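One structure below.
The values are calculated or read from the model by the stated rules, or taken from the named source; none is laboratory data. The structure displayed is predicted, hence computed values, not measured ones. Methodologically, a virtual Cβ is constructed for each residue, glycine included, from the backbone with ideal geometry; neighbour enumeration extends over all protein chains shown. Only protein heavy atoms, including side chains, enter the accessible area calculation; ligands, DNA and RNA are left aside. Shrake-Rupley method; radii C 1.70, N 1.55, O 1.52, S 1.80 Å.
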Amino acid sequence: MERRSVRFDHLIKMTDDTGILEHGFGTIPRRNEGYSTDDQARALWVCLEWFKHGRPEDQQQLERLAEIYIAFLLWAQKEDGHFHNNFAYDRSKEPEMPSDDCLGRCLWACAKAMTAAPAPSFAMVAESIFQKALPQVDHLRYPRGWAYSIAALGMLQRAGYDIDLTSHIQELAERLAALYRRNSAPGWSWFESEITYSNAVLPWGMLWAHEMLNWTDLLDIALSSLDFLIGLSQNEAGQIRPVGSQGWCRQGYRALWDQQPIDVMKLALASAKAYELTNMHKYKSAVTKCRNWFYGGNDLGAPMINERDGSCCDGLSADGPNINCGAEAVISYLMIEAIYEEWIQH
C-alpha cells in the first residue's frame, strides 16, 4: 500500500483541555463517559511518534496535544507512584482497583517522552513521573503490565539511561517466560490458557527482553508465540482477523466478532519489533496486512477509517463497523500508520 496523508482532526476533536475523552457517539465526543489515563498514555505515545514522522505544519498542534496528555499523567499519578485510571467528566475519580496495564502503559509513554521529547522541559516531567512510578514495577501481578514495563525499561537502557535497569528487566522476563512454559502445549504456543485482548503485547515484551538480555530462549518464546498469534489472526484469504471480543479464544474455540482495532495495532507493533530484530520478511508482511485491515482488508471488506478526518470505528462486528469512534480506535489507527511509516523509510 502507498503512503497516505494522515489527519489528526478526530484526535483533536476528542481532546479538551483536560485530556482525550474515552468514547464517541459516532464522531461526537461522549463527555458523560469521561477520561481514562490509559488513553492519555496511548495518545501521548502517538503524538511523539508523529512528531518524528509528521508534516512540519502538524508539529505545533502535536506538541500542544502531547502537553495536555502528559499533564494528565502528572495529575493522575498517586503518591505511591501508581496511577488512577478512570475519571468522570467533572475530573472526579471513579471507583476502581489499581490497573497493572495502566501503570505499564504510563511507563512506556514516559520512556518514549524521555527519549523523544520535543523539548527538554517535557522530558524532565516525563522522567519525574517515571522515577516515581518505577518502584511499583516490583509489585506488578499481570503479564501485560510486565510486558509494557520490559519495553519501557529496555528503551531507556538502550538509550543509555544512567540507572541500570537490567535486574528489573530480567525479573519481569523470567516471570513472562515461566508463564509461557506453564501454559504452552502442542498446538498452543501461548502465555495463558485463553487469548483475550492486546495479545501481541506479550511477545513484544519478550522481544524487548531478548534485545536487552540477549537470551536465546527469550527470543525462541517471543517468535514462537508471535508466529502462533499471527497464524491464529488470519482468515482463509490471508487477511488479518483478530480474535473477537465476544468470547475470545481458547483451545477448541475462537470468537470471530467483535474485532478490535487495538488488537490489530498491537499485532503490527510486535511484528515490527520482530522484523527489526530478525529482518525476516514475514514480519514486515504482517505489518502490511495489519494496516490493510483498517482500509478494508478484513473479513467484511469494510474500511474502518475516514481519511477525511482521521477517525476510526471502534470495532468490526458481523453487521459491519461499529460507527462510534472513540479514543482507543483513533489512536490505534494513527499508531499503525506511524509503524508503517517506518517501513516506507527503509
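Brief remarks follow.
- Helices (runs of 4 or more DSSP H) contained entirely in segment 97-182, each with at least 2 residues that are surrounded by fewer than 18 Cβ atoms within 10 Å (Cβ to Cβ) and of a type in the set (F, W, Y): none
- Across segment 72-96, the number of residues qualifying as open to solvent by 60 Å² or more (accessible area, probe 1.4 Å) and farther than 17 Å from I20 by Cβ comes to 4.
- Count of segment 7-32 residues which are out of contact with any strand residue (DSSP E or B) (no Cβ under 7 Å at 6 or more places or on another chain) and open to solvent by 10 Å² or more (accessible area, probe 1.4 Å): 12
- Any hit, segment 294-307, residues being touching a Pro at 6+ places or on another chain (Cβ under 8 Å) and not in a loop (DSSP other than H, G, I, E, B): yes
- Odd one out for A327, checked against (1) over 30 Å from I221 (Cβ atoms); (2) modelled with pLDDT under 95: (2)
- Test: residue in segment 49-69 that is of a type outside the set (A, V, I, L, M) and closer than 12 Å to A327 by Cβ: yes
- Residue satisfying all of: in segment 183-219; assigned to a helix (DSSP H, G or I) and among the polar types (S, T, N, Q); farthest from G154 (Cα to Cα) among these: N183
- The single condition from (1) in contact (Cβ under 8 Å) with a residue 60 or more places away in the chain; (2) under 25 Å from G187 (Cα atoms); (3) in a helix (DSSP H, G or I); (4) open to solvent by 30 Å² or more (accessible area, probe 1.4 Å) that A274 fails is (4).
- Listed by first and then second residue, the pairs with beta-carbon distance under 6 Å, at least 6 apart or on different chains, first residue in segment 119-147 and over 28 Å from P203 (Cβ atoms), second part of a helix (DSSP H, G or I) and of a type in the set (V, I, T), are V125/I70.
- Subset of segment 121-139 [closer than 14 Å to E79 by Cβ and of a type in the set (D, E, K, R)]: K132
- Among (1) over 24 Å from L65 (Cβ atoms); (2) in contact (Cβ under 8 Å) with a residue 24 or more places away in the chain; (3) outside any loop (DSSP other than H, G, I, E, B), the one test that P321 misses: (2)
- Close pairs from segment 151-172: first closer than 14 Å to Q131 by Cα, partner β-branched (V, I, T) and open to solvent by less than 40 Å² (accessible area, probe 1.4 Å), Cβ under 6 Å, at least 6 apart: L153/I169; H168/V137
- Beta carbons closer than 6 Å, at least 6 apart along the sequence or on distinct chains, pair a first residue in segment 286-299 that is open to solvent by 10 Å² or more (accessible area, probe 1.4 Å) with a second that is not in a loop (DSSP other than H, G, I, E, B) for K289/I240.
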